[in-house]
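The values are calculated or read from the model by the stated rules, or taken from the named source; none is laboratory data. All values derive from a computational prediction rather than experimental measurement. FYI the Cβ positions are ideal-geometry reconstructions off the backbone, even for glycines, and counts take in every protein chain you see. Just so you know, the surface numbers come from the protein's heavy atoms only, side chains and all, with ligands and any DNA or RNA stripped out. Shrake-Rupley method; radii C 1.70, N 1.55, O 1.52, S 1.80 Å.
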Amino acid sequence: MRAPVPRFASSNFSRRRLLGAAGFVVLFLVCFEAAVWFAFTKTPLAHTSLRNFLWYGASYESKLRALASQPDLPPDSVLYAGWLRDGKIASLPLQADVTIYGMSFSRNLGRALSLLRPELTQRVIGGPGAPMNHTYAAYQEDKKTQRRSTFAVVGLSSIGVEEATTMNRGSLYIDIPFPYFFPRYKLEGGRAVLAAESRINSADELRAAFADRAVWERQLQVLEGNDAEYRRFFFASDVLDASVLARFVRRGMSTRRLDAYSDDVRGPHGFRRDREAPQLVRALLRQMLDELRAENIRPIVFLVSTQGTGNALYELVDDILREEAVPYVNTEDSCRSDDARSYLPDLHFTLGCDAKFAERTLAIIDAAGAPASATKP
Amino acid sequence: MLFNSFEFLVFLAITYALYLVLPHRKQNWMLLVASYVFYGWWDWRFLGIIAFTTILDYVVSLRIVASTAEREKRAWLGLSVGINLGLLGVFKYFNFFVESFVELANHAGLHVDWVPLHIILPVGISFYTFQSISYSIDVYRGQIAPPRRFLDYALFVAFFPQMVAGPIQRATYFLPQVVEPRQVDLDQVCRGAFLILYGLFKKAVIADGLAGAVGSVFNAAGAHSGLDVFVATYLFVLQIYCDFSGYTDIARGVAKLMGFNLSKNFMTPFYSASPAEYWTRWHISLSSWVKDYVYFPLALHYLRKGDGKLDEYKPHLISMLLMGLWHGAAWTYILWGLYHGLMLIAWDLFKWPRSLKRASRLLVKPLRIAFYFQITAISLLLFRANSVHQIGDLLLALVGRGGTRGFTIPTPPTATLLAIPLLLGFDYLSYHHSSDLFYRKWPDAARGVLVAALFILLLMGWSNAPAEFIYFQF
């Protein structure tokens, strides 16, 4: 009779050697943790870009706290950017030829417009990487002022579409802090209605919340209850922030979650119109265009295709643009998103591209009968 | 279900736990079910094709053995090979051939209209079809007998670690491992775990990390500078090597955990000094398949014909064209195959001077390796290009014509840049020792450092955008 074969046999491989090697693996991992901690907190390496790389996976809250705790931040620091109720919108000039809403791409368009036609007066309202819900909310805040503007550029970026269901950029992107919060809108009968507002609406309120755990926890509860992409594991600080290996794990999980979510919202054939975020963007855009016209302000839509997103943004809203007969500037028409030469290393468009967008914008303004101050000298 | 996904981790954990507690026969049943779940994860409709192929080839193999007349055996073999290639032809090449025909007809002034059919390409069909064909041929040649149980054969075809992207297993090597009870020991588990770690490192950290930089040239519109094309091609060499060999390492590692030994698919291919050597180091399972079932029979045929030097080289060309076509229905792959076929012939025609051969190996071989590496890199440019037109543009840019100036390729992620030297070092030592097991002779501390470094870099690179394995499309 054949002897039964043991299914998991010990072999001549040395168990001692296995344990020895495993012990060394653990030892080296511990040494790595200690070395990173020491080198990047106690030496000049703490101020290098490599330090940023090693801390990308820290929770979003820990990055916000680190930023907010820095003394003497310049006024153009990201800490102060994009807030809806810090008084900045109200302090803008009341009269301008063009009000530009949106994100950094829109701001760059404004700069290019100034270079091409310095006499064109502008008001610029936006936040870094701001999605459409921020833009719409910023417009609502702006409406409360007694300002006058002949034209309004509505900036809309392809990367911002997926963020339309969030209340902070950190709900999807944990690498770099963008502190400002914005409202959450939800669809009701095809219209976007305000569903929740942030409890923190300025850099001062953020600092105050960090000084009072209860206030901050209440803010997290607002996000938990309304922000579709908020996950406490990625957002709120915890003990894992102290370990470089845990930070790597968190960053890996975060980017994979983001990729999966992005792929779900934007499939191989463009944005999926049965997903909430694209639907919200469409509704918010349509509402903003209608409201601008109701105020007798001429809207110009600025469609920004971020690198590698093709013409999906235009395809998402082209029917709205046609139905509303709204002039638009599509970056894809001048600088293709699949051409790396269109972009700077920081992923913004080159100055040459910005100039092309500005020329097209000016052509629309001129064709529409520009106000006296904005006409060509 | 990708090897570098959370779903696969859960799938493997459940499968392995069951595997360890089941007796041999039930292990095979469970592995077959798991393999079909794994395959059906992409699209359950694919299961019908693999089940059909499996039943067909098993029945045919029984008929071959039962047949007494050579003619009858040959007819059964013809049926198996014909149907397998027919399936491959329909799913993989139908549109390509018809489109090419229509184009040709239109060039000739005949106006032919054609709407391409929407045929989904089943994942891994080229791999398991070739594996199945080799089984039928081996049974016909009397090199192996059909297994007594259909279950064993079905598992041989569908074994999940290697089903979708190889290595293509030979029945003579792998079927006995399925049929006989397997033994899992600590040695294999450690080796398997290391292969999985190293495979994930290659795939997630290096291949996925380089995808963006490579795509910035090959997937982008507009002209590129020669420097862009040069760097992107080199990076693609690394990307595809890490992608494909990473998959193979994980497949071999997972199989080893269960006591199976899959054949090797790569052996430091970029240390090849000639085309003949390259094809013993790169995608070994396919090149040896083509060598055994296409090249040798053809070479024998032409030898018997004995019509001169030209006939001597026909098997080279036909084999390599077949290899190219195996990869996909595109002229770029056919060009790639033709290029390699011509290289084989060129190397054969060019005899190295005897004095050079004898000269210091240290001095001459590195030069030959470096030279042949450039040949390989160009072949991979052909392989990666999206069209013949793009090949022309890229080659022109390489020689400084028609392209632009400057350098636009984005810097790969930090983890990838840190990982590449480790990969090159590991490959060099594998080449130097003629074995990728060299590290096992190292002291515990050194092995500990190696594993810890791979682990740290894997965690670091886990944030690279995950991409499907390149060879899944074949």
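By the Cβ rule of 4.7 Å, the protein assembly as shown holds the following cysteines without a possible disulfide partner: A:31, B:190, B:242.
Between the amide H of residue A:328 and those of A:301, distances stay under 5 Å, these residues lying 5 or more places away or on another chain, with hydrogens modeled in the peptide plane. Farthest toward the positive end of the dipole of the protein assembly as shown, out of B:134, B:240, B:160, is the Cα of B:134, where the dipole comes from beta carbon charges about the Cα centre.
Here residue A:42 is the anchor, and the lysines within straight C-alpha reach of less than 21 Å, apart from those fewer than 8 places off in the same chain, are A:63. Note on residue B:309: aspartates and glutamates with a C-alpha under 15 Å away, same-chain residues under 8 apart excluded, are B:348.
So, for chain A, what is the accessible surface per residue at a probe of 1.4 Å, expressed in square angstrom?
45 Å²
Relative to one another, the C-alpha centroids of the stretch B:154-197 and the stretch A:254-294 are positioned 45 Å apart.
Counts of other chain beta carbons within 10 angstrom of each beta carbon in peptide A:242-251 average 3.
The mean number of Cβ atoms from other chains found within 10 Å of a Cβ in peptide B:451-462 is 6, as a whole number. By the rule of a C-alpha distance below 19 Å, with chain neighbours fewer than 8 residues away ignored, the lysines paired with residue A:143 are A:88. Projecting the Cα atoms of A:156, A:285, A:138 onto the dipole axis of the stretch A:78-367, where Lys and Arg carry +1 and Asp and Glu carry -1 at the beta carbon, places A:138 farthest toward the positive end.
Using only protein heavy atoms and a 1.4 angstrom probe, determine the accessible area buried between A and B, summed over both sides, in Å² to the nearest 100.
Values: alone 18530 and 22150 Å², together 37280 Å².
Heavy-atom accessible area buried at this interface is about 3400 Å².
Rounding to the nearest 20 debye, state how big the charge dipole of chain A is about its Cα centre with +1 on each Lys and Arg Cβ and -1 on each Asp and Glu Cβ.
Using Cβ point charges on Lys, Arg, Asp and Glu, chain A gives about 1340 debye.
Assign unit charges at the C-beta atoms only (+1 for Lys and Arg, -1 for Asp and Glu), then state the dipole size of the stretch B:316-470 relative to its Cα centre in Debye, rounded to the nearest 20.
Numbers: 13 positive and 6 negative charges, 160 e Å.
Charge dipole of the stretch B:316-470: 760 debye, to the nearest 20.
A dipole drawn for the stretch A:171-246 from +1 and -1 charges on Cβ atoms has a positive end, and of A:174, A:185, A:219 the residue lying farthest that way is A:185. Counting only heavy atoms of the protein chains and using a 1.4 Å probe, residue A:56 has close to 60 Å² of accessible surface. What separates the Cα centres of the stretch A:165-184 and the stretch B:24-84 is a distance of 53 Å.
Proximity of backbone amide H atoms, modeled 1.01 Å from N, is registered between residue A:153 and A:99, A:100, A:101, A:300 at under 5 Å, excluding neighbours fewer than 5 places apart on the same chain. Karplus-derived 3J(HN,Hα) values for the stretch B:314-325, using 6.51 cos²θ - 1.76 cosθ + 1.60 with θ = phi - 60°, are 4, x, 4, 5, 5, 4, 6, 5, 4, 4, x, 5 Hz; glycine and proline are entered as x. Karplus-based coupling profile of the stretch B:165-181, in residue order and whole Hz: 8, x, x, 5, 8, 8, 4, 4, 8, 9, 4, x, 5, 6, 6, 7, x, with θ = phi - 60° in 6.51 cos²θ - 1.76 cosθ + 1.60 and x standing for Gly or Pro. Only helices enter the 222 nm calculation for the protein assembly as shown: every DSSP H run of n ≥ 4 contributes -39,500 (n - 2.57), and dividing by all residues gives -18500 deg cm²/dmol, rounded to 500.
When the accessible area of the stretch A:205-250 is computed with all protein chains present and a 1.4 Å probe, what percentage of it is carbon and sulfur? On the stretch A:205-250, the fraction of accessible area on carbon and sulfur atoms equals 58 percent. Rounded to the nearest whole Hz, the Karplus-based 3J(HN,Hα) values (6.51 cos²θ - 1.76 cosθ + 1.60, θ = phi - 60°) of the stretch B:81-93 follow the sequence 5, x, 5, 4, 5, x, 4, 4, x, 5, 6, 10, 10, with x at glycine and proline. Each label was represented as a point 7 Å from its Cα along the Cα-to-Cβ direction; for residue A:43 and residue A:217 these points are 4.0 nm apart.
The dipole here belongs to chain B: it is taken about the Cα centre, uses +1 on the Cβ of Lys and Arg and -1 on the Cβ of Asp and Glu, and is about 1360 debye.
Checking the Cα-Cα distances for B:291/B:365; B:92/B:203; B:73/B:256; B:203/B:314 against a 29 Å cut-off, the pairs over it are B:73/B:256; B:203/B:314. For the segment A:26-32, counting C-beta atoms of other chains within 10 Å of every residue's C-beta and taking the mean gives 4.
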